[in-house]
Amino acid sequence: TKTLEETLREVIPPKQEQLKKLKAEHAQTVVGDVKVENIIGGMRGIKAMLWEASVLDPIEGIRFHGMSIPECREVLPPAPGGKEMTPESMLWLLMTGKVPTPQQSQQLSAELAEKGELPSFVEKLVDSFPKTLHPMTQLSMGVAALNHDSAFQAAYERGVKKTEYWAPTLEDCINLVAKLPSLAARIYRNVYYPDRPLVPIDRNLDLTGNYSNMLGFGNNENMTEYLRLYIALHGDHEGGNASAHTSHLVGSTLADPYLAYSAALNALAGPLHGLANQEVLRWQIAMQKEIGDTITHDNIKEYLWRTLKSGRVVPGYGHGVLRNPDPRFVALQDFCKTRPDLQASPTIQLVQQTAEVAPEVLKEHGKTKNPYPNVDAASGCVLYHYGLTEFKYYTVIFGVSRALGAVTQLVWARALGLPIERPKSYSMDALEKLIKN
Ligand code: NMX
Ligand code: MLT
């Protein structure tokens, strides 16, 4: 059985050839144009980045190396005894473009468990944070501090050849993915359950089995399976989203993967991006309180209009690229539909009913280009139902997940020798001059 690194050694050379050919034959081929609306509109729609692991179609949603979410759920190996694809299987697919065998996926789980402990200075650093510091700030700071032991940084100082950059980068990336659950679980314990002892890593468990255990949900197999699906699903969403793009930008300076991903987490912590899953729960709970026990489409509608008229966005709805319901939302709803306890949950019912009403209200409101639910509309309610009710923590789980796609691109950017990212900017005066010419 080939390891992840051995598999990468096989798949990198043909990709390097593909890039060489693209450069040689198509460097001057035009694939789109740039309008003033793109420059002043958050670069929306500009085709401007290479990103190998996934591509987002506005109607069909995300495909990982061409595979849809239902296809991934079908073929990616689960954990022993489980049914849902694991994040390690997804990481293998993202990195190599190949579906791992169950043995390869388990081998990767074992490697991650072996490398999962935090250096003691990082434990001390995280333990020194005030409980009131947002969990995402803690995560970002903890990840940045892990760069103390960066293999890439050490190799760069030794003068490693450019063609070899990717191998120490991969070493850092695997270490980062391995350590994220311990770091994230430590933050959860410190902020919400300071008297609870921390559970050590079990070398026989997969990454999420350990994470769930460390969060205190190890005896709830449904929650662990949900976390596997959640973390695998949120792993990558092509390159232009704010967190992935940040990681790519920072990584393009040859900053090590810890620094690149720490920066990405700061982007994920914004309410228009990953923090929306925390905001959805806060908003749903406030709605539940206001509406009371009799939930009808009419009173949900009224609540939606109150949110919109007060000038706020409806969290969990809209998207920069998608123009249909997010297939990740659909997959999480599917998970709920197969479990009677979840179907009976008032919080989950409210999410489902809101999704029935909100698109019409948002269409009537007439602003958003996409009136449909995105993944954040559904991701938190199952956590809430299973007892992880501290919704300020939800984006941390997103942060454990998004590393899968970010680290994949960091390895590929170095394997392909991609340059530092540096787009051209204009002032309004300069733009007007450009228009006149
Ligand atoms: N509720 C109310 N108004 C909205 C919404 C919404 N859910 N979505 C977009 N709009 C408004 C938007 O604020 C903008 O208004 P204005 O012209 O006054 O600035 C207008 O509609 C056009 O925006 P779009 O072009 O449709 O959206 P854009 O690509 O700029 O932004 C989001 C995409 C996702 C930031 C936006 O839809 C949004 O703020 N959604 C709510 C927050 C959210 O769920 N974010 C999570 C995204 C997924 N993730 O995990 O990252
Ligand atoms: C994501 O998963 O990153 C979000 O859906 C946002 C995006 O793709 O722009």
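Taking only region 189-215 into account, find how many residues are more than 22 Å from Leu91 (Cβ to Cβ) and surrounded by 19 or more Cβ atoms within 10 Å (Cβ to Cβ). Break it down stepwise before answering.
So in region 189-215, the residues more than 22 Å from Leu91 (Cβ to Cβ) come out as 189-200.
Narrowing further to those that are surrounded by 19 or more Cβ atoms within 10 Å (Cβ to Cβ): 189-191.
Qualifying residue count, region 189-215: 3.
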Failed condition for Val396, given (1) farther than 16 Å from Met223 by Cβ; (2) away from ligand 1 (no atom under 11 Å from the Cβ): (1)
Search result, residues across region 206-232 that are within 16 Å of ligand 1 (Cβ to nearest atom) and among the small types (Gly, Ala, Ser): Ala232
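If you check Thr338, Thr347, Thr354, which single one turns out to be modelled with pLDDT of 95 or more, within 20 Å of Ser379 (Cβ to Cβ) and within 25 Å of the chain's Cα centre (by Cα)? Please lay out each step first, then the result.
Numbers: Thr338 fails: modelled with pLDDT of 95 or more; Thr347 fails: modelled with pLDDT of 95 or more.
Going through Thr338, Thr347, Thr354 in turn, just one is modelled with pLDDT of 95 or more, within 20 Å of Ser379 (Cβ to Cβ) and within 25 Å of the chain's Cα centre (by Cα): Thr354.
I'd like to check which helices (runs of 4 or more DSSP H) are fully inside region 288-396 and have at least 3 residues that are outside the structural domain of Ala269 (by TED's automatic domain parsing), within 14 Å of ligand 2 (Cβ to nearest atom) and touching a Phe, Trp or Tyr at 6+ places or on another chain (Cβ under 7 Å). Steps first, answer last, please.
Working: elements: 297-309, 327-337, 340-343, 346-365, 376-385.
Of the helices (runs of 4 or more DSSP H) lying wholly inside region 288-396, those with at least 3 residues that are outside the structural domain of Ala269 (by TED's automatic domain parsing), within 14 Å of ligand 2 (Cβ to nearest atom) and touching a Phe, Trp or Tyr at 6+ places or on another chain (Cβ under 7 Å) span 376-385.
So, Thr169, is that one buried (at least 20 other Cβ atoms within 10 Å of the Cβ) and within 16 Å of ligand 2 (Cβ to nearest atom) or not? Spell out how you get there, then give the answer.
Numbers: buried (at least 20 other Cβ atoms within 10 Å of the Cβ): yes; within 16 Å of ligand 2 (Cβ to nearest atom): no.
The answer is no for Thr169.
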Selection status of Asn370, farther than 19 Å from Ile62 by Cβ and of a type in the set (S, T, N, Q): no
The one condition in (1) in contact (Cβ under 8 Å) with a residue 40 or more places away in the chain; (2) assigned by TED's automatic domain parsing to the domain that holds Gln138; (3) more than 13 Å from ligand 2 (Cβ to nearest atom); (4) not hydrophobic (A, V, I, L, M, F, W, C) that Asn219 fails to fulfil: (1)
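Determine which member of the set Gly274, Gly270, Gly292, Gly235 is more than 11 Å from ligand 1 (Cβ to nearest atom), out of contact with any Pro (no Cβ under 7 Å at 6 or more places or on another chain) and not aliphatic (A, V, I, L, M). So that I can check it myself, show each step before the final result.
Working: Gly274 fails: more than 11 Å from ligand 1 (Cβ to nearest atom); Gly270 fails: more than 11 Å from ligand 1 (Cβ to nearest atom); Gly235 fails: out of contact with any Pro (no Cβ under 7 Å at 6 or more places or on another chain).
Being more than 11 Å from ligand 1 (Cβ to nearest atom), out of contact with any Pro (no Cβ under 7 Å at 6 or more places or on another chain) and not aliphatic (A, V, I, L, M) holds for just one of Gly274, Gly270, Gly292, Gly235, which is Gly292.
Yes/no per residue for (1) of a type in the set (Val, Ile, Thr); (2) touching a residue at least 40 places away in the same chain (Cβ under 8 Å); (3) buried (at least 23 other Cβ atoms within 10 Å of the Cβ):
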| residue | (1), (2), (3) |
| --- | --- |
| Thr338 | yes, no, no |
| Val375 | yes, yes, yes |
| Tyr386 | no, yes, no |
| Gly417 | no, yes, no |
| Arg422 | no, no, no |
Among residues of region 255-267, those that are in a loop (DSSP other than H, G, I, E, B) and either hydrophobic (A, V, I, L, M, F, W, C) or within 13 Å of ligand 1 (Cβ to nearest atom) (or both), counted: 1
Whichever residue in region 244-279 is farther than 20 Å from Val177 by Cβ and surrounded by 24 or more Cβ atoms within 10 Å (Cβ to Cβ) and, among such residues, is farthest from ligand 2 (Cβ to nearest atom): Gln278
Region 195-216 - residue that is aliphatic (A, V, I, L, M) and in a helix (DSSP H, G or I) and, of those, nearest to ligand 2 (Cβ to nearest atom): Leu207
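The values are calculated or read from the model by the stated rules, or taken from the named source; none is laboratory data. Bear in mind that the values here come from a model prediction, so they are computed numbers and not experimental data. Quick reminder, even Gly has a Cβ in these numbers, built from the backbone with ideal geometry, and neighbours come from all protein chains shown.
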